[in-house]
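Laboratory data are not the source of any read-out in this text; all were calculated from the coordinates shown. Please read all numbers here as calculations on a predicted model, not as lab measurements. Counting neighbours? That spans all protein chains shown, and the Cβs are built from the backbone with ideal geometry, glycine included.
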There are 2 protein chains.
Amino acid sequence: MPAFSKEEYTERIQRTKESMAEKGIELLLISQPANMNYLTGYDGWSFYVHQCLLVSMKQEEPVWIGRGMDANGARITTYLSDENIIQYADDYVHSLVKHPMHFVADVIKEKSWDKETIGVEMDQFYFTHRSYVELEKSLPNAKFVDANTLVNWVRIIKSEAEIKFMRRAGQIAAKVMDTAIESIDVGVRECDAAAKIVAAQYAGTEEYAGDYPAIVPLMMTGEAIKTPHLTWTEHIYEADAPVLLELTGVYRRYHAPIARTIFLGKNPPSLMQETADVVLEGLNAAIEFVKPGVTAEEVEETWRKAIAHSTVVKEARLGYSIGLNYPPDWGEQTISLRPGDKTVLKPNMALHLIPGIWHEEVGFEVDASIRVTETDNESLYDYPIDLILKG
Amino acid sequence: MPAFSKEEYTERIQRTKESMAEKGIELLLISQPANMNYLTGYDGWSFYVHQCLLVSMKQEEPVWIGRGMDANGARITTYLSDENIIQYADDYVHSLVKHPMHFVADVIKEKSWDKETIGVEMDQFYFTHRSYVELEKSLPNAKFVDANTLVNWVRIIKSEAEIKFMRRAGQIAAKVMDTAIESIDVGVRECDAAAKIVAAQYAGTEEYAGDYPAIVPLMMTGEAIKTPHLTWTEHIYEADAPVLLELTGVYRRYHAPIARTIFLGKNPPSLMQETADVVLEGLNAAIEFVKPGVTAEEVEETWRKAIAHSTVVKEARLGYSIGLNYPPDWGEQTISLRPGDKTVLKPNMALHLIPGIWHEEVGFEVDASIRVTETDNESLYDYPIDLILKG
């Protein structure tokens with residue numbers, strides 16, 4: 001049931017421990033669902049309560065700690081031995097008195113790890129301020145340091161097995177975008193198109209089941225094209241409407257995002273066509289440039305220079321690293337394609353380039369989900385990069 | 001575009017300020033997406049970056065602070081005046097140097113709110129430990145107090161307009177469960193059934209668009225019936241398999257969860273039928289008991305006593321309060337139906353009773369989503385409460 005071989009998880013834990021050693025961290029407390037999954041395979045929609053993984057330099061296997069009802073989920077989805085699956089009682093959930101981190105601290109004390117340097121993910125959504133406060137109070141002899149994206153950086157170069165998963169996600173992504181283009185039409189309710197799109201995401205291909213995306217289908221039309229993160233309504237699509245789509249294919253939590261813009265007519269407004277032309281020129285230049293040895297900021301610079309002749313300006317970063325993820329974000333929080341990011345690209349890194357433009361008068365989105373190869377890069381899916389006219 | 005009238009938001013803010021006054025809080029910093037939506041209507045899948053709402057005793061309207069690209073989303077989905085929609089630049093996103101809370105602190109200083117008692121949501125997933133640390137460093141004259149579920153408790157009694165939305169969610173829930181029972185069958189891939197179920201969630205009814213749920217379809221079968229929070233695979237359903245379903249209908253972020261167990265055959269194992277009989281007896285007794293004036297713990301006690309003659313034991317709470325929500329949880333984090341919760345039930349509270357049982361040999365789930373009325377309670381949907389045999 002775990003997605004990868006036992007050896008692959010062992011190797012990931014090994015690389016995590018190397019990074020811990022470099023940073024002087026003796027015990028790592030992980031609460032990002034993607035990081036918990038990466039190191040053990042643990043899967044399940046249980047991240048709405050406190051849970052974590054302890055990675056100790058003194059023990060081979062990590063320790064999973066979660067809510068009682070989820071312990072069987074850990075047994076099913078990981079190779080962890082039973083003694084490393086530890087459950088807390090239900091009265092720790094949403095209690096004003098008891099906090100799951102008291103329980104976690106007790107486990108740490110029992111294992112005599114309570115005088116160590118403990119790394120925690122200080123700026124991650126599934127580790128709250130109170131989690132920190134309760135841990136610190138309960139473990140007065142520990143030294144806490146920030147290990148915010150430690151495992152995220154371990155994730156950055158994908159294994160061959162992961163790349164295989166991302167390609168499957170890419171196959172699903174192409175089907176999802178086909179479904180979107182087929183379903184979105186004049187007179188159709190936005191919610192009915194959304195239903196068909198998400199059904200394509202979950203169903204996957206004949207061979208591979210789809211998985212739920214870390215971000216639901218974003219599909220802006222009408223006034224909403226001014227902004228990126230809205231979903232759908234009960235309204236019907238009108239003739240000559242632009243529709244901005246940010247979608248993805250997902251296979252076993254690995255993402256291949258795909259974004260396109262549809263215009264429901266034959267003649268897009270000239271400002272939209274001009275914006276599209278410029279963005280496509282810039283995106284293609286950036287894709288052309290991506291190869292091992294160049295830096296993240298150089299990719300963005302290539303894009304910026306390619307569109308410098310135009311009035312198009314993109315204030316937000318051009319893209320970021322992708323892979324395994326859970327809601328609320330499919331971004332890996334490592335590489336950002338923007339000035340200042342000097343990360344050198346290497347084979348089997350995976351990037352999402354998403355030059356979305358949202359102005360008062362016009363919105364346009366298109367993207368590329370790519371893998372860095374030994375020589376340059378390749379797309380995770382086979383899909384034309386263009387403004388799509390339907391009418 | 002906001003879901004409710006301007007007056008309704010004004011009234012919600014008023015009640016929030018009353019609660020702030022009681023607790024000596026002068027400025028409230030809210031980052032739970034459901035609370036931001038409740039007080040202003042703000043909607044959008046932007047909660048994967050830092051954002052917040054400031055509610056000041058010195059100002060009528062709250063202040064929305066978010067990422068630049070989401071400011072138009074705030075203009076579209078709220079009644080906030082332009083001066084109260086404040087955006088931060090993109091280089092605050094996932095940066096090692098700049099943090100969005102530095103920007104928030106600057107806004108607070110500009111408004112001279114920096115010597116006040118500031119309430120923050122200390123144990124909420126969208127407010128990280130580092131958010132707290134950076135705020136505290138940037139605002140040395142402020143006093144920080146925990147306002148973790150302050151707005152959640154303001155949300156607990158629903159308005160008539162909210163109840164209308166929850167009933168619409170209930171109509172969708174019934175369609176979703178119908179779709180599940182229709183789609184799940186021997187020889188069907190789990191992912192194909194999941195696709196149809198989620199399509200029903202998004203499409204809604206002819207009149208009302210569905211919305212994305214705070215929890216994706218949970219659908220356990222095979223070995224996975226031992227545990228509650230798993231999703232689907234590419235496997236096909238086999239004859240005589242039990243399928244545990246935890247689903248929901250959603251209308252404009254309001255939830256009406258619905259859970260049932262299907263057995264794909266005519267003769268369920270006797271242990272499953274016995275468990276179902278006991279659970280249904282207990283659930284019906286609890287539903288019968290719910291009315292204004294009783295306490296949350298008395299509801300759970302009624303359930304426990306009704307099943308005391310059996311061997312069924314439920315360690316987890318029996319249920320919780322529901323309403324408006326975003327991923328990762330549709331629970332409101334206020335009432336828990338369990339010993340010690342002395343909340344007195346009042347009209348227009350809404351509860352999800354979910355006596356799920358997950359053992360080694362058998363799993364069984366069934367539920368009720370109900371509204372407390374003036375005299376007793378009513379279901380949010382019309383659906384038989386039973387073990388469903390299909391074969």
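Here the protein assembly as shown is treated as an ellipsoid with the same Cα gyration tensor; its semi-axes, largest first and in whole Å, are 37, 30, 30. Considering only B:56, B:39, B:202, the residue lying farthest towards the positive end of the dipole of chain B is B:56, judged by Cα position with unit charges set on Cβ. Residues considered: A:355, A:347, A:140. Largest GNM mean-square fluctuation over chain A, using C-alpha springs under 10 Å, is found at A:140. Counting every other Cβ atom within 10 Å of each residue's Cβ, B:344, A:290, A:176, A:372 order from fewest to most as B:344, A:372, A:290, A:176. Placing +1 on the Cβ of every Lys and Arg and -1 on the Cβ of every Asp and Glu, with nothing else charged, gives the range A:160-389 a dipole about its Cα centre of roughly 560 debye.
With all pairs of separate Cα atoms included, the range B:160-389 yields a Kirkwood hydrodynamic radius of 17.6 Å. Full extension of the segment from residue A:81 to residue A:102, taken as 0.36 nm per residue of separation minus the current Cα-Cα distance, would add 5.2 nm. If you plug the beta carbon distance of residue A:281 and residue A:206 into 1/(1 + (r/R0)^6) with R0 = 35 Å, you get a FRET efficiency near 0.40. In a reduced charge model with +1 at each Lys and Arg Cβ and -1 at each Asp and Glu Cβ, the protein assembly as shown shows a dipole moment near 1040 debye about its Cα centre. Taking 0.36 nm per residue of separation and subtracting the current Cα-Cα distance, fully stretching the chain between residue B:223 and residue B:95 would add 41.8 nm.
Of the residues B:145, B:3, B:268, the one whose Cα sits farthest toward the positive end of the charge dipole of chain B, with +1 on the Cβ of Lys and Arg and -1 on the Cβ of Asp and Glu, is B:145. Loop sites here are trypsin sites (Lys or Arg not before Pro) outside DSSP states H, G, I, E and B with no more than 11 other Cβ atoms within 10 Å. The longest part of chain B free of them is B:59-265.
Only Lys, Arg, Asp and Glu count, each charged at its Cβ (+1, +1, -1, -1), so figure out the dipole size of chain A about its Cα centre, rounded to 20 debye.
740
Sequentially through the range A:373-382, phi angles give Karplus couplings (6.51, -1.76, 1.60; θ = phi - 60°) of 9, 5, 10, 8, 7, 9, 6, 6, 8, 9 Hz, Gly and Pro residues having no value and appearing as x. When both bridge partners sit in chain B, DSSP labels roughly 75% of those beta bridges antiparallel.
Scanning residues 5 or more positions from residue A:343 or on other chains, those with amide H under 5 Å from its amide H are A:296, A:297, with H placed 1.01 Å from N in the peptide plane.
Set Lys and Arg Cβ to +1 and Asp and Glu Cβ to -1, take the dipole of the range A:268-391 about its Cα centre, and tell me which of A:310, A:328, A:293 lies farthest positive. Result: A:293.
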